[in-house]
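Step one of this worksheet: look at the structure below.
The values are calculated or read from the model by the stated rules, or taken from the named source; none is laboratory data. All values derive from a computational prediction rather than experimental measurement. Note that each Cβ is placed from the backbone with ideal geometry, even for glycine, and that neighbours are counted across all protein chains shown. For the accessible areas, the whole protein counts, side chains as well, though only heavy atoms, and no ligand, DNA or RNA atoms are used. Shrake-Rupley method; radii C 1.70, N 1.55, O 1.52, S 1.80 Å.
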Amino acid sequence: MKEILEKLGIKEVNHGAYCGEWLHTTGEEVDVYSPIDDSILAKVKTATAADYDIVAKKAIEAFKIWRNFPAPKRGEIIRLIGLELRKYKDELGRLVTMEMGKIYTEGLGEVQEMIDMADLAVGMSRQLYGATIQSERPEHRMFEQYHPLGVIGIISSFNFPVAVWAWNAFVAGVCGDTMIWKPSTSTPLTAIAVTNIVHKVLEELGVPKAIFNLVIGRGNEIGEKLINDKNIHLVSATGSCQMGKRVHQAAAKHYGRVILELGGNNAIIVMEDANIELALKAVLFGAVGTAGQRCTSTRRVLIHEDVFDDFAQKLEKAYGSVPIGNPLDEGVLMGPLVNQSAVGAYKNALEKIEEQGGEIIYGGEVLTEDVPGNCYVLPTIAIARNDMQIVQEETFAPILYLIKIKNINQAIELHNDVPQGLSSAIFTNNLQYAEQFLSDRGSDCGIANVNIGTSGAEIGGAFGGEKETGGGREAGSDAWKAYMRRQTNTINWGKTIPLAQGVEFDID
Ligand code: NAD
C-alpha cells in the first residue's frame, strides 16, 4: 500500500489546495480512513477560505489564457492527460478501492471511465458546432457559436471519487473553461493523486497549470464558499438531493448556472414474459454491485404477480452466494460501505422497513465476523409497498424492495411514483410493453432501458435524471453545451437595414 501511495504522490500529511502548485493549507487536519479495515491511509490539511480565494483568483487568470487555445489544441492536452492516466491505471484503481471500498475490478473500471472520457473529449474538441440559421432578412447571415464559459465548480460525491471529475473536467477543459474541484472529504486522496498526474502533464507541456484546480474541505465550509462565489459561472454538483437543493439556492442568488446530478430511486420492472435469468443478473449487479452505493443502483423491483414468488426465491438464492469481504481480494463481489455513518443509515432503514409494514426476506445484518473491518453488511431484500416512506427515499446501501404489480399500467404508475427520476429499466420480450415504457406515457427518468439493468451507464450518452435528481446532463451526446456560452450572431452584408417582423422605422 505504501508503494502505491508513494507512486501517486500521496504523503503522510497532504495539502488540500492546488492552483498550479500545492498551497500550504492550514485548515482542519482530517484523517482519511479505508473502509476496508478502518486503517488511516493518510491525512489532509484542508483548505481555508483564504486558500479558496487564492485558488479562485488563479483559476480566473488561467481562464483568460486557456480560452485563447484553439479547442483542438485543448483536446490534444486532454489526450495527453488520458495517456498519463493509462500509466497509473492500476495504482489509481487500487487507491479508489482502498479509499472508497468498491471492489478492485470496479476501481479499475472507474479509472477506465476517466480514460474513455478523455478520448471522448478529444473528439468533442473538434465538434463544438453551432448551427446556421436562415435569416428572414435579405443579405443577412445568422449563425450561432459556442464560447468558453469561465470558471467551473465541480463538486463530487464519494462513490465515484474520480470518474465524476473526469465527466466534467475533460468536457469543460476542451470547452475552454478552467475549474475548481471540491471532492468529498471521504475520498480526497484519489483527488490529490489525479491532480498530481495532471500537474505532471501540464508542467511538461508548459501550459498554465491552474486549469485544473483543487480545494479539499467540508461541504458546509469550502463547499459553501464555492457555491456562493459569483465568479463561478457553472457549478456541476454530484451528490445527495439535499446538497443539490442547497447548491441550486446559492447559485440562484447570483444567477449562476448549475448541473445537478443527485440521488436516484431506480427501479426495474419485470413483466410476466421476461427472460428471468437475464433479469436476475441485472437486478443482482444493480442492487449489490458497489454495495448499493451507485446513484444508478437498483432500489426497487416491480415484479408481475405471475412470476413474483419464483423471482423472489431465485434472487434470495443468488444473494446467498455473493462473496463479501476485502474488495481487493479476487472473487469478492461486495466490499464494505464507505463509513460508519453509511452503516448507521443502513440500520436505520432496516428498522423503518419493519415499522412501515415491509418484510425482510434476506439479509438485514451488519457483519462482525470473517470481515476485516466494521463497515460490512449483508445485502438485503425486503417485500414492500411503493408508498412506504422508506421506499420513497434513497438509502445509499444495498437494500432492495420487491413490489408486486398486476399489469404494465400499474407498473409504470408505481415506477414513476417516487420523487427521484434517474435510471429505469423493463425486462420484457413484449414489444408493446417495451415501447409503452419508453413512450411519453412511460418511464419519467433520464435513463430508460429495455432488457438491461439500471446501473452501469456508458459515457457516450448524456447522463442524468429528472425531478429531484436535478435535471442535469453530463458526459456524452450534446452535454458539452452546458459548459459553453452560446451566442447568436447576425451579419448584414447588404446596403440597407431591414428590420425583422416587417417593422418600418425610416425617417423621410
Ligand atoms: P453528499 O451530498 O453527502 O456529498 C456530495 C458532495 O457535496 C461532497 O463533496 C460534499 O462535501 C459536498 N457538499 C455537501 N454539502 C455541501 C454544501 N452545502 N455546499 C457545497 N457542497 C456540499 O453525497 P455523497 O454521500 O458523497 O454521495 C452519495 C449521493 O450522491 C447519493 O445521493 C447518490 O445518488 C448521489 N450521486 C448522484 C450521481 C448522479 O449522477 N446523479 C452520481 C453519483 C452519486
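The table below lists the values:
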read-out	value
Net lengthening on full extension, ASP38/LYS230 (0.36 nm per residue, minus Cα-Cα)	65.2 nm
Between the stretch 461-505 and the stretch 368-438, the alpha-carbon center distance in angstrom	37
At most 16 other Cβ within 10 Å, DSSP loop - trypsin sites (Lys or Arg not before Pro), the stretch 382-415	ARG385, LYS406
For ALA42, residues with placed amide H under 5 Å, excluding near neighbours	VAL32
Under 22 Å from the Cα of LYS245 - lysines, other chains or at least 8 residues apart	LYS182, LYS225, LYS230, LYS253, LYS467
Of all accessible heavy-atom area on the stretch 266-459, the percent that carbon and sulfur account for (1.4 Å)	46
For GLU28, distant residues with modelled amide H under 5 Å away	THR46
Computed FRET value (nearest 0.05) for GLU28 with ASP508, which takes r as the C-beta separation and R₀ as 51 Å	0.10
Tensor-based shape of the stretch 68-195 (alpha-carbon gyration tensor, a/c under 1.5 rounded, otherwise prolate or oblate)	prolate
Translational D in µm²/s for the stretch 379-484 (Stokes-Einstein at 20 °C, 1.002 mPa s, Kirkwood Rh from C-alpha pairs)	142
Length released on extending from LYS2 to ILE497, taking residue separation times 0.36 nm less the Cα-Cα span	171.0 nm
Inter-label distance for ALA252 and HIS140, nm, one decimal - labels placed 7 Å from Cα along Cα-to-Cβ	3.6
Portion, in percent, of the accessible area of the stretch 121-263 that falls on carbon or sulfur, probe 1.4 Å	49
Two-site label geometry, SER477 and ASP306: point separation in nm, points 7 Å out along Cα→Cβ	3.3
The stretch 79-108-the stretch 1-70 distance, computed between alpha-carbon centres (Å)	18
DSSP beta bridges in the stretch 266-459 [antiparallel fraction, %, rounded to 5]	15
Packing rank of 135-141, 209-215, 25-31, where each peptide gets the mean count of other beta carbons within 10 Å, highest leading	209-215, 25-31, 135-141
Accessible solvent surface per residue of the stretch 392-508, calculated while the other protein chains remain in place, 1.4 angstrom probe, Å²	53
Most positive-pole-ward Cα, VAL162, GLN293, GLY256, against dipole of the chain from beta carbon charges	GLY256
Span-like helix ranges in the chain, DSSP H, alpha carbon extent 15 angstrom or more, Kyte mean at least -1.0	49-66, 71-87, 89-100, 104-124, 163-174, 188-205, 241-253, 276-288, 308-320, 340-355
Rg over Rh, two decimals, the chain (C-alpha only, Kirkwood Rh)	1.02
Share, in percent, of DSSP beta bridges within the chain that are antiparallel, nearest 5	40
Angstrom value of the Kirkwood radius, inverse mean 1/r, which spans all Cα pairs in the stretch 266-459	16.6
